[in-house]
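Each remark here refers to the structure printed beneath this line.
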Amino acid sequence: MRICELIDRRIGILGMGVEGHALLTALRRAGHERPVHLLTEKPFTPPATAGDVVCWSGEQAAAGLQEVDILLRSPGFSPAHPVRRLADGLGLVQTTPTNIYMAEIRHARLPLVGMTGSKGKSTTSTLLYETLREAGLPVFLLGNIGVAALDHLEAVLAQRAITVLEMSSYQCADLVVGPSIAVILNLFPEHMDWHGSVAAYYQAKMRLATTQLSGDRLRIDHRAVAWMPPQRIVQPEEEIHTATGIHFADGWFYRGAVRLFNDAQMRLPGRHNRENSCAVLAAAELLGVDSGPVQRVLERFEGLPYRLADMGYHRGIQWINDAISTAPEATVVALQAFMPRVATLIVGGKDRGFDYTPLVEILESGGVHSLILLPDTGFRVADLVRQRGGAHPSLIEVSTLAEAVQSALAVTPMGRICLFSPGAPSYNQFINFEERGRAFASLVDQAV
């Protein structure tokens with residue numbers, strides 16, 4: 001559904017965060033003059049530029065649905081949300097900012113790379129964006145990276161630019177038309193509280209590919225192919241992470257049997273960053289860009305904040321800030337990137353029912369001397385370690401991140417790494433992972 005189809009309709013907007021504001025602005029910019037009904041969980045004061053709006057908050061939001069023909073939903077509202085369920089029951093037409101943006105870009109026949117995955121999608125999207133800029137192409141990095149796509153729609157259309165759109169599972173879940181180039185990175189279970197099951201989460205991610213049009217292209221990690229539904233069979237010419245396509249082996253990036261360049265000067269740590277760089281190479285090639293710009297970007301790009309961020313040495317200890325780690329698989333990847341130099345690992349956060357067995361298994365391989373455990377999941381990890389028995393790191397249970405840093409100072413040997421990779425969401429103690437990352441950095445800097 002395009003914006004022009006909304007101009008004369010009675011519109012409701014569910015959620016007035018970044019995406020909700022962008023929706024309202026885009027509607028007004030396009031000429032929508034009717035009252036817009038804003039449905040929010042808490043009382044909301046609209047900006048003076050909002051025009052004629054009616055605000056419905058809390059329990060009143062349900063009544064607001066009676067006044068609209070179409071509900072525009074911000075991506076964070078799950079299928080189980082009460083207002084969304086009421087809208088379903090009323091048979092209201094619903095769509096999202098992602099679907100509107102996608103419809104506009106596809107109508108304009110502009111290239112759009114949709115990027116998703118359980119972890120690594122922000123870094124990989126940024127690498128692709130920087131690569132296309134390095135190649136001199138007009139490009140915008142939008143979406144789940146924290147930039148509302150609709151806020152930049154006019155500029156993208158005016159410049160005939162490429163869009164690199166980072167997409168969460170929430171944005172993929174009800175996608176109507178997919179991107180011209182879909183990139184699906186490695187997947188592991190996340191957000192089950194939103195989707196309801198692991199299968200539903202994977203199916204949401206797969207919609208990035210299953211909603212593509214004839215002639216669109218797909219680059220998918222080989223570990224994710226198993227979740228591709230039968231109606232969207234991966235074609236031979238599409239990029240799968242195999243030795244026949246772009247891949248990484250023995251310190252080199254390859255296209256088939258042809259060496260492209262080695263990783264000697266690459267700044268990002270870890271095997272996973274090499275694998276995701278292959279996705280960048282493949283997507284760039286589909287946009288007419290060879291490996292040269294990719295290599296130059298990889299040689300200078302040090303990573304995004306709080307993603308395996310090397311904070312350097314303090315009190316003789318090297319500190320790694322991986323506050324973005326919100327699932328145990330992310331912590332496993334972080335350990336693999338820095339082992340065997342990791343002596344201390346700090347884990348724990350909001351409990352969403354993840355299986356921590358893979359993390360405990362890698363800890364049993366040895367190397368990590370001390371495991372510092374934060375509420376709530378840290379205590380579950382401790383119980384699992386004890387149940388399995390055998391050799392394991394010393395377990396130090398703490399209540400706060402400040403206590404964790406002080407404990408790490410006491411137990412981490414000089415010259416070794418203390419890795420902060422929580423493996424769980426931050427919401428039990430912090431607003432988001434950024435606040436968690438800033439808090440860790442500040443505590444380390446102030447430690448005496």
Qualifying positions in segment 107-124 - touching a strand residue (DSSP E or B) at 6+ places or on another chain (Cβ under 7 Å) and not in a loop (DSSP other than H, G, I, E, B): 112, 113, 114, 115, 116, 121, 122, 124
From 331, 344, residue being crowded, with 22+ Cβ neighbours inside 10 Å, within 25 Å of residue 117 (Cβ to Cβ) and polar (S, T, N, Q): 331
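Looking at the structure I just gave you, is residue 277 closer than 27 Å to residue 219 by Cβ, at pLDDT 90 or above, in a loop (DSSP other than H, G, I, E, B) and hydroxyl-bearing (Ser, Thr, Tyr)?
no
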Among what's in segment 132-167 and is among the polar types (S, T, N, Q) and within 19 Å of the chain's Cα centre (by Cα), pick the residue that is farthest from residue 117 (Cα to Cα). 163
Would you confirm whether or not segment 18-38 contains a residue that is of a type outside the set (Lys, Arg), in contact (Cβ under 8 Å) with a residue 60 or more places away in the chain and on the phi > 0 side of the Ramachandran plot? no
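To keep it simple, each residue is scored yes or no on (1) within 23 Å of residue 79 (Cα to Cα); (2) not in a loop (DSSP other than H, G, I, E, B); (3) not assigned by TED's automatic domain parsing to the domain that holds residue 272.
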residue	(1), (2), (3)
154	no, yes, no
158	no, yes, no
164	no, yes, no
178	yes, no, no
183	no, yes, no
190	yes, no, no
202	yes, yes, no
205	yes, yes, no
208	yes, yes, no
Of those in segment 169-196 that are of a type in the set (Gly, Ala, Ser) and modelled with pLDDT of 95 or more, the residue surrounded by the most Cβ atoms within 10 Å (Cβ to Cβ) is 182
Tally of residues being buried (at least 16 other Cβ atoms within 10 Å of the Cβ), β-branched (Val, Ile, Thr) and in contact with a Gly (Cβ under 6 Å, 6 or more places away or on another chain) across segment 3-52: 1
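So, in segment 93-116, how many residues would count as being over 15 Å from residue 173 (Cβ atoms) and either surrounded by 16 or more Cβ atoms within 10 Å (Cβ to Cβ) or β-branched (Val, Ile, Thr) (or both)?
Within segment 93-116, the subset over 15 Å from residue 173 (Cβ atoms) is 93, 100-101, 103-113, 115.
From what is left, the residues that are either surrounded by 16 or more Cβ atoms within 10 Å (Cβ to Cβ) or β-branched (Val, Ile, Thr) (or both) are 93, 100-101, 103-106, 110-113, 115.
Total satisfying the criteria: 12.
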Does any residue in segment 437-448 that is more than 13 Å from residue 408 (Cβ to Cβ) come within less than 9 Å, Cβ to Cβ, of a residue that is assigned to a helix (DSSP H, G or I) six or more places away or on a different chain, and which pairs are these? 439/401; 439/402; 446/405; 448/409
Any residue in segment 40-61 that is touching a residue at least 40 places away in the same chain (Cβ under 8 Å) and either out of contact with any helix residue (DSSP H, G or I) (no Cβ under 9 Å at 6 or more places or on another chain) or more than 15 Å from residue 12 (Cα to Cα) (or both)? no
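Yes/no matrix, rows are residues, columns are (1) within 21 Å of the chain's Cα centre (by Cα); (2) in a loop (DSSP other than H, G, I, E, B):
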position: 403; (1), (2): no, no
position: 406; (1), (2): no, no
position: 413; (1), (2): no, yes
position: 424; (1), (2): yes, yes
Pairs with Cβ under 7 Å, 6+ apart, first in segment 399-415 and without any contact (Cβ under 8 Å) to a residue 40 or more places away in the chain, second surrounded by 15 or more Cβ atoms within 10 Å (Cβ to Cβ): 399/375; 407/372; 407/396; 407/398
Which one is surrounded by the fewest Cβ atoms within 10 Å (Cβ to Cβ) among residues in segment 203-236 that are farther than 24 Å from residue 281 by Cα and within 17 Å of the chain's Cα centre (by Cα)? 203
Would you check if residue 323 is closer than 25 Å to residue 423 by Cβ, touching a helix residue (DSSP H, G or I) at 6+ places or on another chain (Cβ under 7 Å) and among the hydrophobic types (A, V, I, L, M, F, W, C)? yes
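The values are calculated or read from the model by the stated rules, or taken from the named source; none is laboratory data. Please read all numbers here as calculations on a predicted model, not as lab measurements. Positions of Cβ are generated from backbone atoms using ideal geometry, with glycine treated the same way; all protein chains shown enter the neighbour counts.
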